[in-house]
Amino acid sequence: MSAAPPRRRHDSGRTPEKEDGRAARARSTRARIIAAATELFTTTGYTSTSVNAIAAEAGVGEQTVYYAFGTKRAILTAALDLAVAGDDEPVSTLERPWARDAIADPDPLGQLRRQVAGAGEIYSRAAPLLDVVRSAATTDPDLTEVWTTNLQQRLTVQRVFAEALARKTPLRDGLTSELAADVALTILSPETYNLLVHSRGWSRVRWRGWAFDALVGLLTTLPRGTSRHLPVY
């Protein structure tokens with residue numbers, strides 16, 4: 001049995017194993033801070049939540065929070081990105097499997113089902129935080145920028161979906177891809193999701209059925225009866 005090869009060392013003198021361990025600890029610390037901040041932002045509000053409170057909730061020092069993120073806005077942005085994506089991988093929404101599958105689906109109804117399902121999954125995680133950003137944006141210029149950026153990102157996604165839909169089935173008379181994107185942006189908005197699911201008590205399945213039916217009726221010339229494929233309750 002041969003001896004194991006010697007560990008390679010970087011110029012810093014640290015072994016890759018030690019560097020990996022350090023990176024893992026830093027990632028774990030960031031995750032605890034984000035989880036703590038998400039809890040506080042969605043229960044006490046962005047303005048009322050201090051960095052010190054986030055540190056205490058996460059069980060780390062205040063300087064650790066500043067070292068990891070720099071500002072409270074950066075913490076919120078990271079928390080929102082994580083909630084939207086569902087993980088911390090640097091993959092855009094349009095490159096996510098569900099979005100790629102929606103665009104590639106040759107059936108227009110299949111695309112719309114996937115769009116609604118994807119939006120529903122995102123909002124099940126991110127809707128409370130998005131509501132925090134929207135509310136705080138009225139008085140905080142930094143969060144006005146965050147909200148505007150998020151809105152533009154969502155519109156960009158809906159434009160791609162609308163263009164894909166128009167290639168598969170005629171849109172309603174007078175409806176361009178740009179207008180179709182605006183309609184989808186409204187139906188699949190966090191404001192509407194929060195209103196119906198969190199304020200009015202709709203189940204997520206009911207919201208999905210309503211959103212799917214609304215998009216079929218408002219965007220396409222397909223008979224509305226063909227959209228009855230998702231349960232409403």
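The values are calculated or read from the model by the stated rules, or taken from the named source; none is laboratory data. It should be emphasised that the depicted structure is a prediction, and the values quoted were computed from it without experimental measurement. Cβ atoms come from the backbone with ideal geometry, glycine included; neighbour counts cover every protein chain shown. Areas reflect the complete protein model, heavy atoms only, side chains present, ligands, DNA and RNA absent. Shrake-Rupley method; radii C 1.70, N 1.55, O 1.52, S 1.80 Å.
The residues packed around ASP101, meaning those with a beta-carbon under 11 Å from its beta-carbon, carry a net charge of +3 if Lys and Arg are +1 and Asp and Glu are -1.
Ranking ARG154, ARG159 by solvent-accessible area of protein heavy atoms (1.4 Å probe, all protein chains present), from largest to smallest, gives ARG159, ARG154. Amide H contacts of THR220 (H built 1.01 Å from N, in plane; Pro and chain starts excluded): ARG172 sit under 5 Å, all sequence-distant by 5 or more or on other chains. Short-range pairs are left out: with C-alpha atoms under 8 Å and at least six residues apart, the relative contact order of the range 27-89 is 35 percent. So, with a 1.4 angstrom probe, what is the percent of accessible area on the chain that is carbon and sulfur? Of the solvent-accessible surface of the chain, carbon and sulfur hold 53 percent.
Look at the dipole of the chain built from charges on Cβ: of LEU196, ALA137, THR29, the Cα furthest out on the positive end belongs to THR29. Mean residue ellipticity, 222 nm, helices only, the chain: the sum of -39500 (n - 2.57) across DSSP H runs of n ≥ 4, divided by residue count and rounded to 500, is -22000 deg cm²/dmol. Among the trypsin sites (Lys or Arg not before Pro) in the range 164-222, those placed in a DSSP loop whose Cβ has at most 11 other Cβ atoms within 10 Å are ARG200.
Near THR38, once Lys and Arg are set to +1 and Asp and Glu to -1 for all other residues with Cβ below 15 Å from its Cβ, the sum equals -1. A Cβ-based charge dipole, computed about the Cα centre of the chain with Lys and Arg at +1 and Asp and Glu at -1, lands at about 560 debye. In a fully extended conformation the segment linking SER199 and ASP173 would gain 6.0 nm over its present Cα-Cα distance, using 0.36 nm per residue. With all protein chains in place and ligands, DNA and RNA left out, the 1.4 Å accessible area ranks ASP87, ASP20, ASP213, ASP142 as ASP20, ASP142, ASP87, ASP213, largest first.
Considering only GLY201, GLY120, GLY174, the mean-square fluctuation computed in a Gaussian network model of the chain, springs between alpha carbons under 10 angstrom, is largest for GLY174. Accessible area of GLU145 (1.4 Å probe, protein heavy atoms only, ligands and nucleic acids ignored): about 100 Å².
Close amide H pairs (under 5 Å, H built 1.01 Å from N) link ASP140 with no residue at least 5 positions away or on another chain.
Its relative contact order, with pairs defined as Cα atoms under 8 Å and 6+ residues apart, puts the range 14-151 at 21 percent.
Over the chain, Cα pairs under 8 Å with separation of 6+ residues give a relative contact order of 15 percent. Taking every protein chain into account, the accessible area of the chain amounts to 56 square angstrom per residue (probe 1.4 Å).
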